[in-house]
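Asks: The structure follows.
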Amino acid sequence: MNLKHTSVILASLTSIILAGCGTPVQTSLTGDRSLSSTYSLKGAITGTKRALLVGINKYQLPGNNLQGCVNDINDVKAQMLNKEGFAAANTNTLLDSKATRAAILDGLKKLVADGKPGDFLYFHYSGHGAPIPDTNGDEKDGQDEILCPTDLKVSNNTLSNAIVDDEIQTILGSLKPGVGFLMISDSCYSGTIDRGLNKFRNRTINLPRNVVNATPMIYNASRQASYQAKAAAGKYVVISGCQEDQTSADAYINNRYNGAATYYFLDAYKTGAATQTWSQLHKTMVAGLTQNNYEQRPVLIGSGNDKIFTIPD
């Protein structure tokens with residue numbers, strides 16, 4: 001799951017645009033977070049918490065199914081509903097065949113459009129990312145990246161139904177002032193690394209080199225300054241699962257499958273103090289991955305000093 005982590009949110013993309021891919025730091029925190037602990041970076045959440053949660057194990061492209069993405073979303077949803085105060089009525093969950101390109105983009109547009117000052121919005125993507133040939137020369141490795149809906153197709157050397165950077169950027173550009181936004185992308189966009197471990201497979205789809213009909217993803221280096229500026233201005237926080245030259249793991253942890261990035265994000269969330277910041281959560285997340293021998297290093301983009309799940313002025 002890559003923003004160039006700066007593997008931006010949103011995490012390549014966006015997040016975080018994240019496809020599970022990101023940049024590192026380290027610490028650990030203790031304490032419990034409960035519904036009653038709503039803290040603000042600058043202002044508490046006075047409105048509604050809304051979420052779009054996307055998990056894709058099953059792909060129409062043969063041989064590309066994953067195993068941990070649906071578990072990721074079920075786990076995230078349970079924490080958000082039970083601990084963070086999200087309501088089921090305001091949580092849009094798209095799993096497997098429901099997670100088409102149209103449904104994901106429509107869901108993200110609605111999420112952003114419905115957000116009002118005082119609301120907090122959360123977009124979590126767990127699924128494949130993929131590298132594609134760079135069409136504008138902005139990538140040193142000759143590749144751009146995409147998010148892969150369940151209906152991603154390749155026909156006659158043409159890629160269709162991918163979700164690319166510019167589409168996400170356009171939607172996020174409509175965020176209203178006073179709305180908090182978090183994107184986590186547990187996917188990967190680099191197809192250059194084969195970890196060779198039985199414990200997990202990579203969340204990347206390898207596409208033909210002559211597939212070129214897609215625009216660059218959020219995590220491209222050339223995009224990072226723009227995303228960083230928007231995030232710093234309080235528009236959003238993005239966490240991606242790994243850095244641009246890494247892959248995100250579809251892992252087997254505690255006798256079940258999960259994305260490693262999502263697992264250690266939730267672990268950092270559950271064990272961290274209610275007052276922890278995004279930077280502290282990110283450091284704990286990275287530490288968990290490192291201590292358990294995962295090579296991926298999530299990237300955090302945005303104001304790391306803000307307390308988690310709070311709204312900027």
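The values are calculated or read from the model by the stated rules, or taken from the named source; none is laboratory data. These numbers were taken from a predicted model, which means no experiment stands behind them. We place every Cβ from the backbone using ideal geometry, glycine too, and count neighbours over all the protein chains shown.
Asks: Does any residue in the stretch 273-287 that is crowded, with 18+ Cβ neighbours inside 10 Å come within less than 9 Å, Cβ to Cβ, of a residue that is of a type in the set (D, E) and assigned to a helix (DSSP H, G or I) six or more places away or on a different chain, and which pairs are these?
Replies: T284/D267; M285/D267
Asks: On to the next question. Under 7 Å between Cβ atoms, which residue pairs at least 6 apart in sequence (or on different chains) link something in the stretch 80-93 that is closer than 11 Å to Y122 by Cα with a partner that is in a loop (DSSP other than H, G, I, E, B)?
Replies: Qualifying pairs under 7 Å: M80/F86; N90/T48.
Asks: Out of the stretch 56-95, which residues are of a type in the set (A, V, I, L, M, F, W, C) and either at positive phi or more than 18 Å from the chain's Cα centre (by Cα) (or both)?
Replies: L61, L81, F86, A87, A88, A89
Asks: Starting from residues that are modelled with pLDDT under 90, in a loop (DSSP other than H, G, I, E, B) and buried (at least 19 other Cβ atoms within 10 Å of the Cβ), keep the ones in the stretch 121-147 and report whichever is nearest to the chain's Cα centre (by Cα).
Replies: The qualifying residue nearest to the chain's Cα centre (by Cα) is H128.
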